[in-house]
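Please treat every number below as a calculation from the coordinates, not as lab data. These numbers were taken from a predicted model, which means no experiment stands behind them.
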Amino acid sequence: MGNRRHPRPLPADRWTLAGGAVVAGFLLVAALAPVLTAIEGQDPYTYHLDTLDDTGLPLGTGGGIGAEHWFGVEPQTGRDLFAIVVHGARTSLLVGLAATAIAVLVGVVVGITAGFFGGWYDRLASRAVDVLYGFPFLVFTIALGALVSARFPRTWLVILVIGLFGWPTIARVTRGQTLSLKHRTFVVASTAMGAGTPHVLVRQVLPHLGVTIIVYTTILIPGLISTEAALSFLGVGVPAPTPSWGRSIGTGIGWVQTDPMFLFFPGAALFLITLAFNLLGDGLRDAVDPRSARRPGRGTERRTEVTA
């Protein structure tokens, strides 16, 4: 009789846990942003012109890093960079998570109903997805920002636009899953017994899509966070003076040779949160579909050692 050894924990599993820990850390930072800046004794809106020289550059080493300004200060304004970064986490996560909620809600509803009903409705939904994939999103956003009244909150406009353009991917996934599920025995039996369509969709089909929806949600979030950063970088996202990583990165590029830390901190924050969500989503996807972990180049094949 041979002894079967249990496989060792995968590196991918550890990366997934690390990604989840980083995401949790950023959520905590965003929730406690006022507390953290209060501990430092700063806020993201106050100008500290005494920290700048005659050219607008921060005084001191590393862009003015010190006991009073942990990440230094912003060139020309002297605003505290630590406060901008931690409050920028609130902005990025709010926009990313709220836009993802809208995208997932619309995508799941369209995908399930298109896959279940089929026919002309499925063809119409599929064409709508194709149109959105080819639509000039950036041009539309810029034009909409110019047309919409200034009294409408720009942050919520950005959330709505990003969310309403972000649902096609999850709609395609849920449609494909629903096409398979609607022919399963339990769905056919429920329909034959007289169960109404809402009951079948909500009580029979949707629970079997739960894990897939969660996985694709975690994959969708970093893309939408990056979209908000890109819009703010171009000046059509969250309006100033609301702290935003994208706008700080856009401004920091102009100062990278004289004050590289101004670009480093918001850039590093955006990179870390995007990487963390991608690692978390990748790990969840591999857990749901082990075949995805055996794709060439991933280096995450599951092996079980058997010794005689």
Compare Pro198, Pro75, Pro58 in a GNM of the chain, Cα atoms joined below 10 Å, and give the one with the largest fluctuation. Pro198
Checking the a/c ratio against 1.5 first, then a/b against b/c, what shape does the Cα gyration tensor give for the range 221-284? oblate
Of the candidates Ile273, Ile219, Ile253, which one comes out as most mobile in a Gaussian network treatment of the chain with C-alpha springs shorter than 10 Å? Ile253
Cα-Cα pairs of the chain separated by more than 32 Å (percent): 43 percent
Please list the radius of gyration and Dmax for the range 67-192, considering alpha-carbon atoms only, with Å as the unit. 21.0, 71
Between the range 59-104 and the range 257-286, what's the alpha-carbon centroid distance in Å? 13 Å
Is the C-alpha gyration tensor of the range 179-263 telling us rounded, prolate or oblate? Criteria: a/c under 1.5 is rounded; beyond that, a/b larger than b/c is prolate, otherwise oblate. prolate
What is the extension gain from Ala143 to Ala195, computed as 0.36 nm multiplied by their sequence separation minus the C-alpha to C-alpha distance, in nm to one decimal? 14.1 nm
Could you tell me which of rounded, prolate or oblate describes the range 12-89, using a ≥ b ≥ c as the square roots of the eigenvalues of the alpha-carbon gyration tensor, with rounded for a/c under 1.5 and, failing that, prolate when a/b is larger than b/c and oblate otherwise? prolate
Most fluctuating of Phe116, Phe137, Phe265 in the GNM of the chain (C-alpha, under 10 Å) is Phe137
